[in-house]
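Working notes for the structure below.
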Amino acid sequence: MPVLGICYGHQLMARTLGGEVADTGQREYGATVLHVSQPSLLLRDLPATDTVWMSHGDAVTRAPEGFRVTASTDQIPIAGMEDPDRALFAVQFHPEVSHTPNGQAVMKRFLVDGCGLLPDWTPTNIIDDAVERIRATVGDAKVYCALSGGVDSSVAALLVHRAVGDQLTCVFVDTGLLRTGEPEQVEETFARHLHVPFVHVKAGDDFFASLAGVTDPETKRRIIGAGFVRAFEGVAGPHTAPRFLVQGTLYPDVIESGSKTGATIKTHHNVGGLPEQIDFDGIVEPLRDLFKDEVRKVGEELGMPEEIVQRQPFPGPGLAVRIVGEVTLERAEKVRAADAIVRDEIRRAGLERETWQAFCVLLGDVQTVGVMGDGRTYENPVVVRVVTSEDAMTADWARLPYEVLDRIAQRIVREVPGVNRVAYDITSKPPGTIEWE
Ligand code: XMP
């Protein structure tokens with residue numbers, strides 16, 4: 001079995017196989033210069049001196065029989081060793097962290113040359129494989145996709161379209177709670193650019209009517225979920241022939257829902273409980289094995305435009321959970337206008353890819369006093385929320401440059417009627433969540 005020992009694993013391998021480990025008093029922590037000696041199978045792609053990340057006190061002082069030493073530092077003589085005939089490799093540094101810039105090249109050598117694996121997890125192969133599996137699952141049944149316009153449902157829809165063509169119908173429900181320009185952009189992309197059968201349900205009036213008087217966040221979510229079901233039923237009609245539903249479930253969702261003990265923090269819904277409430281013969285989940293970055297690569301390969309592939313996440317219930325208090329059309333217009341400004345300024349500052357989400361929350365039931373021109377104002381505040389995150393499980397508030405914050409605040413108060421104050425949310429997750437509701 002090929003083995004790569006890292007840090008303690010390097011020492012354990014040395015000691016177990018007859019080498020020596022000692023406390024040399026030479027503690028190394030942080031960025032360190034590595035001297036690489038070739039030939040080395042594992043470190044073949046590294047330059048003669050390279051920067052690596054170290055974190056250790058003890059050190060290997062003698063390599064086991066059969067091993068050649070492949071790296072050292074100014075402090076320790078054996079920072080890397082290998083016995084390629086037995087497929088045993090070890091390094092004292094940490095190739096798995098981003099502080100070791102060439103670490104991925106080391107991991108790759110281990111997997112490809114050390115383990116003999118083929119690097120075939122490519123977008124093209126993922127697509128071919130998904131297409132084959134979708135065809136085998138659905139046969140000639142009809143397939144429906146509740147398209148949100150986000151990257152996941154969009155890529156899932158395109159994969160299914162590639163597999164079964166016009167057997168697919170995409171249903172896009174405009175709840176009236178989407179971001180500026182979004183419905184038009186999704187229709188343009190899918191119907192006109194990608195030629196996917198596309199039904200645009202304009203249900204804003206229904207959603208606002210059913211949300212009247214509701215302030216509780218979970219109730220809002222349930223009402224919106226039910227509204228999705230109604231809109232979807234309207235398109236899919238009665239269940240007379242076999243039909244399947246596409247879901248954009250990702251690998252992290254699969255992992256998360258594996259935990260039966262986790263408390264429900266928020267009822268996340270993407271398609272509003274469709275599987276339980278509408279009768280389908282099966283579900284198609286073409287992204288089940290993929291992480292978000294892989295979904296984006298597959299999307300690019302399928303010809304999806306950059307605006308969708310790189311789009312920041314947006315909750316299924318939309319702006320409803322970004323209006324604290326009752327959801328009305330007037331409030332939705334305010335938060336939508338403020339949201340467009342935040343995203344515009346983040347884009348102009350070149351910070352779109354560095355931030356996970358950038359948006360606004362309207363405190364609908366709060367009014368604050370302000371002064372504009374020579375008059376008193378008494379209007380709503382808006383909270384700007386910009387976070388960095390890897391996977392939304394944890395998040396940190398983005399340290400935006402003051403100038404960017406300043407431009408956002410000035411523009412919102414100047415351009416959005418009914419808003420006279422802007423605050424910036426500096427709560428991380430945990431203890432906060434990314435959204436306010
Ligand atoms: P929280 O607020 O729980 O959000 O920290 C984590 C991520 O999930 C998004 N989010 C939702 N997505 N339906 C969704 O599809 C929902 O009801 C929902 N609520 C939150 C949120 O935008 C963030 O990216």
Checklist entry - What does the convex hull of the alpha-carbon atoms of region 3-114 project to on average, in nm²? => result 5.7
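Under the 0.36 nm per residue contour assumption, what length would be gained going from the current alpha-carbon distance of residue 104 and residue 195 to full extension?
Numbers: separation 91, 0.36 × 91 = 32.76 nm, distance 3.89 nm.
This chain segment gains 28.9 nm when fully extended.
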Checklist entry - D for region 123-309, whole µm²/s, Stokes-Einstein with Kirkwood Rh over alpha-carbon pairs at 4 °C and 1.567 mPa s: what number? => result 76
Checklist outcome for this item: Computed about the Cα centre, the charge dipole of region 123-309 from +1 Lys/Arg and -1 Asp/Glu charges at the Cβ has a magnitude in debye, to the nearest 20, of 380
Item to check | Amide H contacts of residue 24 (H built 1.01 Å from N, under 5 Å, at least 5 apart or other chain) | outcome: 59
Next on the checklist: Using the Cα centre of the chain as origin and beta-carbon charges of +1 (Lys, Arg) and -1 (Asp, Glu), tell me which of 341, 250, 382 is placed farthest towards the positive end of the dipole.
Outcome noted: 382
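If you build the convex hull over the alpha carbons only and average its shadow over all orientations, what do you get for region 328-424? Give it in nm² to one decimal. Numbers along the way, then the final one.
On the way: hull surface 26.8 nm².
Across all orientations, region 328-424 yields a mean hull projection of 6.7 nm².
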Checklist outcome for this item: Per the helix-only model, the chain has a calculated mean residue ellipticity at 222 nm (DSSP H runs of ≥4, -39500 (n - 2.57) each, divided over all residues, rounded to the nearest 500) of -9500 deg cm²/dmol
Item to check | Listed residue (219, 189, 200) projecting farthest to the positive dipole end of region 123-309, Cβ model | outcome: 219
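DSSP beta bridges in the chain, what fraction antiparallel, as a percent rounded to 5? Present the calculation step by step, with values, prior to reporting the outcome.
Working: 34 of 62 bridges.
For the chain, the DSSP antiparallel bridge percentage is about 55.
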Checklist outcome for this item: About its Cα centre, the chain carries a charge dipole, from +1 on Lys and Arg Cβ atoms and -1 on Asp and Glu Cβ atoms, whose size in debye to the nearest 20 is 460
Checklist outcome for this item: Judged on accessible area alone, 1.4 Å probe, highest first, 46, 405 line up as 405, 46
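With charges only on Cβ, +1 for K and R and -1 for D and E, what is the dipole size of region 3-114 about its Cα centre, in debye, rounded to 20? All intermediate terms of the calculation are to be shown ahead of the outcome.
Working: 8 positive and 13 negative charges, 24 e Å.
Once rounded to the nearest 20, the dipole reads 120 debye.
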Checklist entry - Dividing the alpha-carbon radius of gyration of the chain by 2.2 N^0.38 Å (N being the number of residues), what value is obtained? => result 1.22
Next on the checklist: Past the 14 angstrom mark, what percentage of all C-alpha to C-alpha distances in region 374-433 do you count?
Outcome noted: 61
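Of all the accessible heavy-atom surface of the chain, with the other protein chains kept in place and a 1.4 Å probe, what percent is carbon and sulfur?
Working: 11050 of 21310 Å².
The computed percentage sits at 52.
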Item to check | Positive-pole candidate from 154, 277, 131, dipole of region 123-309, charges at beta carbon | outcome: 277
Next on the checklist: Suppose we keep just the alpha-carbon trace of region 127-238; what are its Rg and Dmax in angstrom?
Outcome noted: 15.4, 49
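Can you tell me the FRET efficiency between residue 118 and residue 254 if r is taken as the Cβ-Cβ distance and R0 is 30 Å, rounded to the nearest 0.05?
The value I calculate is 0.80.
Keeping all protein chains in place, calculate the accessible area per residue for region 123-309 (probe 1.4 angstrom), answer in Å². If you can, show how the numbers build up before the last one.
Working: 8850 Å² over 187 residues.
It amounts to 47 Å² per residue over region 123-309.
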Checklist outcome for this item: For region 350-416, listing trypsin sites (Lys or Arg not before Pro) in a DSSP loop whose Cβ sees at most 16 other Cβ atoms within 10 Å gives 353, 399
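The values are calculated or read from the model by the stated rules, or taken from the named source; none is laboratory data. Given the structure is predicted, the values throughout are model-derived calculations rather than measurements. Methodologically, a virtual Cβ is constructed for each residue, glycine included, from the backbone with ideal geometry; neighbour enumeration extends over all protein chains shown. Ligands, DNA and RNA are stripped out before the accessible areas are found, and what is left, the full protein with its side chains, is counted by its heavy atoms. Shrake-Rupley method; radii C 1.70, N 1.55, O 1.52, S 1.80 Å.
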